[in-house]
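See structure below.
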Amino acid sequence: MRLARLMKVFVTRRIPPEGRAALAQAADCEVELWDSDECIPSKELERGVAGAHGLLCLLSDRVDKKILDAAGPNLRVISTLSVGVDHLALDEVKKRGIRVGYTPDVLTDATAELAVSLLLTTCRRLPEAIEEVKNGGWTSWKPLWMCGYGLTQSTVGIVGLGRIGQAIARRLKPFGVQKFLYTGRQPKPQEAAEFQAEFVSASQLTAESDFIVVACSLTPETKGLCNRDFFQKMKKTAVFVNISRGDVVNQNDLYQALASGQIAAAGLDVTTPEPLPTEHPLLTLKNCVILPHIGSATYKTRNTMSLLAANNLLAGLRGEPMPSEFKL
């Protein structure tokens, strides 16, 4: 009796243990892994994906036409260890009839927690304060030294009241926020009711908010949304936080707004490019806190993401419903 041929799976990174275990136990798959914590070089990705039936990738892996051509006609499933899918050439993927799995919901809480942490870190100037302790700048108690901005009785504007935007508002509400504003493609009255959030234009949100948190998806409409015009409309005392995608922000315009005192401070968990070059002008500013895209970085969340990504891949290869399929 002839044995069924194993399906080839290529994984672009060393993923957390629960996902690795699920793939290792798949008797119908032959798994090849780029065994590193660093990005796979494009030439190695082209080599690894050649002839593969399934690809498990990360948001840092650009899966474009060239990679899809290198994969060839066997490729049936792409599973990404992320919520965002802007690194995938979706038009080409759809044209070839390839199914896509992604990991929504499971990283909502971790990302919302990080957003709140970043907001508090930025508005209360914690990195500056820590540095003053270390460098001897802390001499005595001074009434206005190291003063920042508090959330009590503030107005918070959220760009994108999706799952993560709602989770951020839910966590900020107990801090005594007076009003929530939100903007996006359309009103979400049901979701907004929990926070009595008001749907407004982007212009109104920028003008009235004390704190702005960007939590929208990257789309052609949101690319470069936070630009010179956006920052000029903000209050001089306002704090800006981005945990969505780096390309939503024009970083040159943000630098000018921060350096000139047009806005008070900014906190970013995402940049363009990633990693941000160490000589980037934003890194010279005391009123800008930048993290290395760690929104979902808890052990539990990353393990859950890896297991979901593995299960999406295996279900897709077997022609079964995926736990989380991105519908093209």
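The values are calculated or read from the model by the stated rules, or taken from the named source; none is laboratory data. Keep in mind the model is a prediction, meaning the values are calculated, not measured. We place every Cβ from the backbone using ideal geometry, glycine too, and count neighbours over all the protein chains shown. All accessible areas refer to the heavy atoms of the entire protein, side chains included, with ligands and DNA or RNA removed. Shrake-Rupley method; radii C 1.70, N 1.55, O 1.52, S 1.80 Å.
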Within the stretch 59-72, how many residues turn out to be surrounded by fewer than 18 Cβ atoms within 10 Å (Cβ to Cβ) and within 24 Å of ASP28 (Cβ to Cβ)?
-> 1
Would you please name the residue that is least open to solvent (accessible area, probe 1.4 Å), looking only at residues in the stretch 305-325 that are over 19 Å from GLY84 (Cβ atoms) and assigned to a loop (DSSP other than H, G, I, E, B)?
-> GLY319
The stretch 257-268, residues that are touching a residue at least 24 places away in the same chain (Cβ under 8 Å), assigned to a loop (DSSP other than H, G, I, E, B) and not hydrophobic (A, V, I, L, M, F, W, C) = GLY261, GLN262
Yes or no: ILE15 open to solvent by less than 10 Å² (accessible area, probe 1.4 Å), modelled with pLDDT of 95 or more, of a type in the set (Val, Ile, Thr) and part of a loop (DSSP other than H, G, I, E, B)?
-> yes
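Quick grid of which residues meet (1) in contact with a strand residue (DSSP E or B) (Cβ under 9 Å, 6 or more places away or on another chain); (2) in contact (Cβ under 8 Å) with a residue 24 or more places away in the chain; (3) within 22 Å of SER324 (Cα to Cα):
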residue: VAL11; (1), (2), (3): yes, yes, yes
residue: GLN25; (1), (2), (3): no, no, yes
residue: ASP37; (1), (2), (3): no, yes, no
residue: LYS43; (1), (2), (3): no, no, no
residue: GLY72; (1), (2), (3): no, no, no
residue: SER79; (1), (2), (3): yes, yes, yes
With the checklist (1) buried (at least 19 other Cβ atoms within 10 Å of the Cβ); (2) part of a helix (DSSP H, G or I); (3) of a type outside the set (Phe, Trp, Tyr) in hand, flag the one item THR271 doesn't pass.
-> (2)
Within the stretch 18-31, considering residues that are open to solvent by 60 Å² or more (accessible area, probe 1.4 Å) and not in a helix (DSSP H, G or I), the one farthest from LEU218 (Cα to Cα) | ALA27
Please tell me if ILE168 is touching a helix residue (DSSP H, G or I) at 6+ places or on another chain (Cβ under 9 Å), surrounded by 11 or more Cβ atoms within 10 Å (Cβ to Cβ), at pLDDT 95 or above and farther than 19 Å from ALA207 by Cα.
-> yes
When you go through (1) crowded, with 18+ Cβ neighbours inside 10 Å; (2) under 20 Å from ILE290 (Cα atoms) one by one for GLU132, which number turns out not to apply?
-> (1)
Got at least one residue in the stretch 209-224 being in contact with a helix residue (DSSP H, G or I) (Cβ under 8 Å, 6 or more places away or on another chain) and modelled with pLDDT under 95?
-> yes
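Which residues, taken from the stretch 280-304, are closer than 20 Å to ALA257 by Cβ and in a loop (DSSP other than H, G, I, E, B)?
Answer for the stretch 280-304, where residues must be closer than 20 Å to ALA257 by Cβ and in a loop (DSSP other than H, G, I, E, B): HIS280, LEU285, LYS286, ASN287, LEU291.
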When you go through LEU151, LEU161 one by one, which is the residue that is assigned to a loop (DSSP other than H, G, I, E, B), closer than 19 Å to SER203 by Cβ, in contact (Cβ under 8 Å) with a residue 12 or more places away in the chain and open to solvent by less than 20 Å² (accessible area, probe 1.4 Å)?
-> LEU161
Among the listed residues THR301, THR237, THR222, which satisfies the condition of being in contact with a strand residue (DSSP E or B) (Cβ under 9 Å, 6 or more places away or on another chain) and in contact (Cβ under 8 Å) with a residue 12 or more places away in the chain?
-> THR222
Confirm whether ASN287 is under 20 Å from the mean Cα position of the chain (by Cα) and modelled with pLDDT of 95 or more.
-> no
Taking the stretch 99-121 only, how many residues are open to solvent by less than 10 Å² (accessible area, probe 1.4 Å) and farther than 18 Å from ARG245 by Cβ?
-> 1
When both residues are 6+ apart or on different chains and their Cβ atoms are under 8 Å apart, which pairs have a first residue that lies in the stretch 166-192 and is part of a strand (DSSP E or B), and a second that is acidic (Asp, Glu)?
-> LYS179/GLU198; PHE180/GLU198; LEU181/GLU198; LEU181/GLU208; TYR182/GLU198
Under the condition of being touching a Leu at 6+ places or on another chain (Cβ under 6 Å) and not charged (D, E, K, R), which residue from the stretch 68-89 is nearest to SER217 (Cα to Cα)?
-> GLY84
